[in-house]
Amino acid sequence: MDNLPKSVNFIDDSVFRKLKMLGIPPSKVCDDGTFLRRVYIDITGTLPTEQVAAKFLADSNPGKRNKVIDRLLDEEAANLAELETFIKIPVKLQVETHFSQETYDVVPV
């Protein structure tokens, strides 16, 4: 198992260690189109637009894969933060003491 690609982060370290332990050779690096489709589906649950795909495939920057991952994760984090500001689910909080039982409507902040 000496044919492992260069590790660039802790996730690679973990995956390569497990592959080595199991004696499984790593898959070959996929082409840019396959990578873009997979990363979009994994992170956003959608496919990239035709324009996004064309721009990515035309980009000759060797770091473009990391850049698209970072951008998609940032966008998804922003989407979740925005969603949290709109979704406030009221809950009933029931408090019991030895003397009484009270119920309160509570909206998480």
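The values are calculated or read from the model by the stated rules, or taken from the named source; none is laboratory data. Predicted model, so just to flag it, every value in this text is computed and none were measured. We place every Cβ from the backbone using ideal geometry, glycine too, and count neighbours over all the protein chains shown.
When the residues of segment 1-51 are narrowed to those that are of a type in the set (Asp, Glu) and loosely packed, with under 11 Cβ neighbours inside 10 Å, which ends up nearest to Arg65 (Cα to Cα)? For segment 1-51, the residue satisfying everything is Asp31.
In segment 54-67, which residue that is in a helix (DSSP H, G or I) and closer than 20 Å to Ser7 by Cβ is farthest from the chain's Cα centre (by Cα)? Per the stated criteria, the residue is Lys64. All but one of (1) at pLDDT 90 or above; (2) outside any helix (DSSP H, G or I); (3) polar (S, T, N, Q) hold for Thr34, so report the exception by its number. With (1) at pLDDT 90 or above; (2) outside any helix (DSSP H, G or I); (3) polar (S, T, N, Q) applied to Thr34, the lone miss is (2). Applying a threshold of 9 Å to beta carbon distances and a minimum spacing of six or more residues, or different chains, the list of pairs starting in segment 25-42 at a residue that is free of Cβ contacts under 8 Å to residues at least 40 places away in the same chain and within 14 Å of Ala58 (Cα to Cα) and ending at one that is of a type in the set (D, E, K, R) and not in a helix (DSSP H, G or I) reads Asp32/Asp59. Checking each residue in segment 1-50 for being within 15 Å of the chain's Cα centre (by Cα) and among the aliphatic types (A, V, I, L, M) picks out Ile11, Leu36, Val39, Ile41, Ile43, Leu47.
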